[in-house]
Structures are given as C-alpha cells and as structure tokens.
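None of the figures in this text is laboratory data; all of them are computed from the coordinates on show. Being a predicted model, the structure only gives us computed values, none of them experimental. Backbone-built Cβ (ideal geometry, glycine too); neighbour counts: all protein chains shown.
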Amino acid sequence: IHILKTLALGQVLSLFICGTAVASQYLAEQYKVNTPMLQSFINYCLLLLVYTTTLAFRRGSDSLLQILKRKWWKYILLALVDVEANYTIVKAYQYTTLTSVQLLDCFGIPVLMALSWFILRARYRLLHFIAVAVCLLGVGTMVGADILAGRQNSEGSDVVVGDVLVLLGASLYAISNVSEEYIVKNLSRVEFLGMVGLFGTIISGLQLAIVEHSDIAHIQWNWKIVLLFVAFALCMFGLYSFMPVVIKVTSATSVNLGILTADLYSLFFGLFLFGYKFSGLYLLSFGIIMVGFILYCSTPTQTAEEAATSLPQPASIGFDNLGLKIEENHQETPAATVQFTKEENVRVNTG
C-alpha cells in the first residue's frame, strides 16, 4: 500500500511538471515568448502571498520575525540556489538539444544521493543503486525514442555551454531538494515555502529586472498568453506546495526518481498539441522507469543512527552485566558451614 501511495504521489508531481513544460513550450513555439524568470517570479509571488503571510500571522518561536532573526542568511542562500536552478535548466534549452537536457538532467540523482549520504546521513542498500540504474536505463530508452522520432531538435547554438548549464542546474536542484527534505522533516513545510517565497520573490524580481526587461517589453499580450502564464504559475505553485508533502512521507531521492516520467507525460500532450511522432519505445521507457521506482521504494533507506543500532551488540560484559554475573556465580557456589570443636579449632565443611 505504501509503494502504491508513493507511486501515485510521484505521478501527481510529474503531472504538475508536465503542465509547466507544456505551458512554457506553447508560449515559446506559438507566441515566441521566452521569459523563464518572469514565470518563476509569478510562482514565488504566489508562495509569498500564501505561505509567508501564514508565517506572518504566527506567534512565538515559529513566527516570521523569529525565523528571520535566527536563519535569514541561510534562507537567502537556499532561495538563491532554488531560483538559479530553475533559471539555468530553462536557459540550457537555448544552447543545447532536448536530448542532452534529458540525459544530463539525471546527473542530479547521484548528486542528490551523495548529499543525502553526508548531510541527511541516509544509508542505501544494493537494491537502491540497482533501482536508480534501472530508472536511468528508462531515461536512456526515452532519449533513444526521441532520436528515432526525430524529436532531438537542432544541435543548439553552443552545446558545451548548454551541457554545463544543465549539469549546474541539476546540481543546484539536488542541493535545494536535500535542504527541503531536512527542513520539512525537522522544522515545517510552511517555514520552507514561506522563506523560499519571500527571498525567491526578491531575488527573481531583481534578476528579472536585469536580464528579461527587454523580452517582457516585446510581448504582444492577449488573453491566451495571459492564460498560459496563469496555467504555468498554478502548476508551479501546485508543484512547490505538494512536493514537501511527498518528500515528508518518502525522500528527496525517491521523489526525483518518480518525476522522471514528467517528460513522457509532456510527450503524450505533445502528440496532440505539437504533432510529435509516437514510438512504442516511449511506453517501454515509462514501464522501465516505473519498475525502477517501485524497486527503490520497496526497501526503505536507513539513517546512520538506525544502521548503528541494528548491528549485533558486542559480547563483552559491561559493568551492569558484570554485577549480574558475579551474583549468578555466587548463587552457584556451595554453601559453607562452620563448626567449633572442644579444642576451639575451626573446621570448615563445604558439603
């Protein structure tokens, strides 16, 4: 039941990601609108309105003011990582191919596992590594299907720059996800979303003014473009709001494995919206990713503390056990009786 629940939750996240991808692609292809920072800015504003406002009405140590006093600089760094992760991945599409982005984006999973090992003290079993390998095989199958269907797009203007941006973005996402898992499991979901919403709005707003002001000025606004921006913002807001819930019951690694299917959902929508060619390999890749994800979730990971307590206890006798041992030995020795003779000699019988 837990595996099915995890599977379902992961696919809900994939559908949210699919919604953001389809809205972005429709804006780019139909209306020539490429404004990833503006789209992220709207999402951070929604987080600010909902979750930062909720923190503002709290009292005590969990209030907005108290959190800012203690941890403001930590959340600035986290928001910066989150904003740049979103920006670099989207920016990479301008320089490299869709195939490269899909393949290299998976680099975030081993980075995430390594960070979880050292920061969250997660301990993996052999089955977990096999499951990750199976999921990555599924991604490879999906990329192969893209190439056969002629969906790999052009070579890009500068493939090396694009590939580096993807690797950087994947690593930043891994850092953000591990931080999110720590905060959600040890502090609160509202604190994470409220702080990211507050500082994410400020950082993305500044970056928007610097790098995208001319692109926004050239947008020919109409109700369809507005509707696409609203759809993107709502899907992204849903993703940010729902992901901490899923991470709390699973882990950041399993969530990232589960959302590998997002590209496939985008493809299925693309069959109708963008005239993509279908290949049976897409269904095969979906099946492989699902098998890997179920394998990963079938065996829970342990923390370092749990792993230590599950080890067999040493056979040495501690102080407490030593006292019990002496008492046992004392009970096993035969009782001694003392008799006095007339000559006042002492004779001891142990029989």
Hey, quick one: spin label on residue 148, modelled 7 Å out along Cα-Cβ, who in the stretch 268-299 has an amide N within reach, i.e. under 12 Å?
278-285
If you plug each phi of the stretch 194-205 into the Karplus form 6.51 cos²θ - 1.76 cosθ + 1.60 with θ = phi - 60°, what whole-Hz ³J(HN,Hα) values come out, in order, with x for Gly and Pro?
x, 6, 5, x, 5, 6, x, 4, 5, 5, 5, x
Ranked highest first by the average count of other Cβ atoms within 10 Å around their residues, in what order do 48-61, 199-212 fall?
199-212, 48-61
Residue separation between residue 137 and residue 31 times 0.36 nm, minus their alpha-carbon distance, gives in nm 34.6 nm
Sticking with the crude label model, points 7 Å out along Cα→Cβ, report the distance from residue 70 to residue 5 in nm, one decimal please.
2.9
Label model pair residue 249, residue 119: point-to-point distance (7 angstrom along the Cα→beta-carbon line) in nm is 2.4
Each residue of the stretch 100-116 in order: what ³J(HN,Hα) in whole Hz does its phi give by Karplus 6.51 cos²θ - 1.76 cosθ + 1.60, θ = phi - 60°, with x for Gly and Pro?
4, 4, 5, 6, 6, 4, 5, 4, x, 5, x, 5, 4, 5, 5, 5, 5
Taking the stretch 59-203 and dividing mean pair separation by its residue count, relative contact order in percent (alpha carbons under 8 Å, at least six apart):
47
What is the Cα centroid distance between the stretch 70-147 and the stretch 263-300, reported in whole angstrom?
17
Tell me which residues come under 5 Å, amide H to amide H, from residue 303 once H is placed; ignore anything under 5 positions away on its chain.
123
Cβ crowding within 10 Å averaged over residues, with 188-197, 9-18 ranked highest first:
188-197, 9-18
Between their Cα atoms, which of 32/91; 5/248; 91/248 are more than 19 Å away from each other?
91/248
